[in-house]
Structure formats: structure tokens, C-alpha cells
């Protein structure tokens, strides 16, 4: 865990990253960029063969983006600016040697692109209520568990009405929306490890691949197959990891 005096952007040029803060977990596939404001305690986790790029923003530019952790769609221009600021690296691993004025201009272009982009639903809020945290722990460990909210409530000793109210009031979404988000996070990790769509669908709790594809596309913006095809690495499949744990 760490925190920084300046806010920073994290981009996965290849692979998948997760960014964990006290507010929750952001999933960062290769078409997204995550923003963590200054002062937020956080840690990064790579899943599979991941090329992580980090760009810090000056306070004058950080004021132009949200004051909370967020995930944005990485436009083609934003991606090129991120790569220009951090790579492609030469054989010695050195970043490009831009002048200070050139880097300042690139940072401004990057922030302009983010301001025009919409925040993406790839941030999974972290419950604070003990009852919700107990449910979250169970589903992190077994994302394929299809227990209803009533069944989970019996396990922890809370009513469906109480839990539904807590999910909406604390996390701003229903239990089923939150569980779908968690499953898509897990699916991104499995796909990054090289698992196919069908195996990933069943491992994440969907009854069939078609319903998984629909949910995945709605949240990520592309199908699982296109997402896998668009990745720059082809790491071999590894054993199915547990949700929330690194496979790197």
C-alpha cells in the first residue's frame, strides 16, 4: 500500500491491472486508464503478462479531473500520449527524452482527452458495512456462487430488505448489479490469462456463454472474444485464479 503527493494515471499497454483503494477496486484492461487522486492509499496488482505505465499529473492539471478514483475509456489519442510519455522504451529500458515543454503539452492533451471521456463502470465499490463485507468476502472467493440475496442473508443473519437498502444506500447499485460487476472483473483476469470465453463464463457464474457475452459487452464495451483478440500478449492459460488474487 502506498500514497503519493500527486495524482497519477495508470495504463496497461498490455495485460490487465487492478487498482485497489479504500473506495474500492478498479479494473484496467488495455482500453481503459485509471485515475487515482493525490493522497489516496492504494496498491496495484498485475494479472498475467502486464505492461504497466504510470503518469503523474501536476496539481494544476489534477484539478481538472475527478477528485475520486475513476476509470476512463482510453481514446486512440490518449493511448498514444500515454505511450509517448512512458515509452516505447529502448532496449535499455529508458523512457523517451522529451523536453519539459513537450511533456507539459502532452500532459495537457492527455487531460483534455480524459475530460471529454465518460467515466466507465469498471470501478467496483468496496462495502464498509460489516454485513456487506461478509457477503463480498464470500463472492470474492467464489464468484460463480449463484446464491440469492435472501440465501446469503440467512448465512450472515440479515434480512433481504436490509441488505438491499444497504447496497443501494452505500454502494449506489443493487446487489445483482454489484455481483455482475464483480464477475466481469474476474472474467477480465481470466481472459487476460488466456482462458476462452466458454470456460470463463462458467467460472464466473453465468449459465451459458451468450448471457456472459451480453453482460461483458454491456460493461466493457466489447465482446470477450474481441477483447482477447485485441490484447498484445498471448500468455498461456494458467489454473483458474481466485477473484481478487494476482496471477502474475
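Out of 122, 106, 114, 110, report the one residue that is crowded, with 19+ Cβ neighbours inside 10 Å and in contact with a helix residue (DSSP H, G or I) (Cβ under 6 Å, 6 or more places away or on another chain). I'd like the intermediate steps shown before the answer.
Working: 122 fails: in contact with a helix residue (DSSP H, G or I) (Cβ under 6 Å, 6 or more places away or on another chain); 106 fails: crowded, with 19+ Cβ neighbours inside 10 Å; 114 fails: in contact with a helix residue (DSSP H, G or I) (Cβ under 6 Å, 6 or more places away or on another chain).
That would be 110, the only listed residue that is crowded, with 19+ Cβ neighbours inside 10 Å and in contact with a helix residue (DSSP H, G or I) (Cβ under 6 Å, 6 or more places away or on another chain).
Candidates are the residues of region 40-66 that are buried (at least 18 other Cβ atoms within 10 Å of the Cβ) and in a helix (DSSP H, G or I); the one that is nearest to the chain's Cα centre (by Cα) is 62. Taken over region 4-22, residues that are part of a loop (DSSP other than H, G, I, E, B) and at pLDDT 80 or above amount to 4.
Condition check ((1) assigned to a helix (DSSP H, G or I); (2) within 19 Å of the chain's Cα centre (by Cα); (3) in the same structural domain as residue 51 (by TED's automatic domain parsing); (4) closer than 25 Å to residue 13 by Cα) across all residues:
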residue	(1), (2), (3), (4)
72	no, yes, yes, yes
80	yes, no, yes, yes
109	yes, no, yes, yes
136	yes, yes, no, no
147	no, no, no, no
155	yes, no, no, no
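Is it the case that region 170-184 has a residue that's out of contact with any helix residue (DSSP H, G or I) (no Cβ under 9 Å at 6 or more places or on another chain), more than 30 Å from residue 15 (Cβ to Cβ), assigned to a helix (DSSP H, G or I) and modelled with pLDDT under 95? Checked region 170-184: no residue is out of contact with any helix residue (DSSP H, G or I) (no Cβ under 9 Å at 6 or more places or on another chain), more than 30 Å from residue 15 (Cβ to Cβ), assigned to a helix (DSSP H, G or I) and modelled with pLDDT under 95. Residue 65 satisfies every condition listed in (1) over 17 Å from residue 118 (Cβ atoms); (2) at pLDDT 90 or above except (1).
Would you point out the residue of region 125-138, among those that are farther than 24 Å from residue 218 by Cα and in contact (Cβ under 8 Å) with a residue 24 or more places away in the chain, that is surrounded by the fewest Cβ atoms within 10 Å (Cβ to Cβ)? So that I can check it myself, show each step before the final result.
Restricting attention to region 125-138, the residues satisfying the condition of being farther than 24 Å from residue 218 by Cα are 128-135, 137-138.
Narrowing the set further to residues that are in contact (Cβ under 8 Å) with a residue 24 or more places away in the chain leaves 128-129, 131-132, 135.
Values: 128: 12, 129: 17, 131: 17, 132: 21, 135: 24.
Per the criteria, the residue is 128.
Against the conditions (1) over 24 Å from the mean Cα position of the chain (by Cα); (2) assigned to a loop (DSSP other than H, G, I, E, B); (3) modelled with pLDDT under 90, residue 121 satisfies every one except (1). Restricting 48, 39 to those that are farther than 18 Å from residue 125 by Cβ and out of contact with any strand residue (DSSP E or B) (no Cβ under 9 Å at 6 or more places or on another chain) reduces the list to 39.
Being under 27 Å from residue 183 (Cα atoms), modelled with pLDDT of 85 or more and more than 10 Å from the chain's Cα centre (by Cα) is a description that applies to residue 37.
The values are calculated or read from the model by the stated rules, or taken from the named source; none is laboratory data. Everything numeric in this text was worked out from a predicted model, so none of it was measured. All Cβ positions, glycine included, derive from the backbone under ideal geometry; neighbour counts span all protein chains shown.
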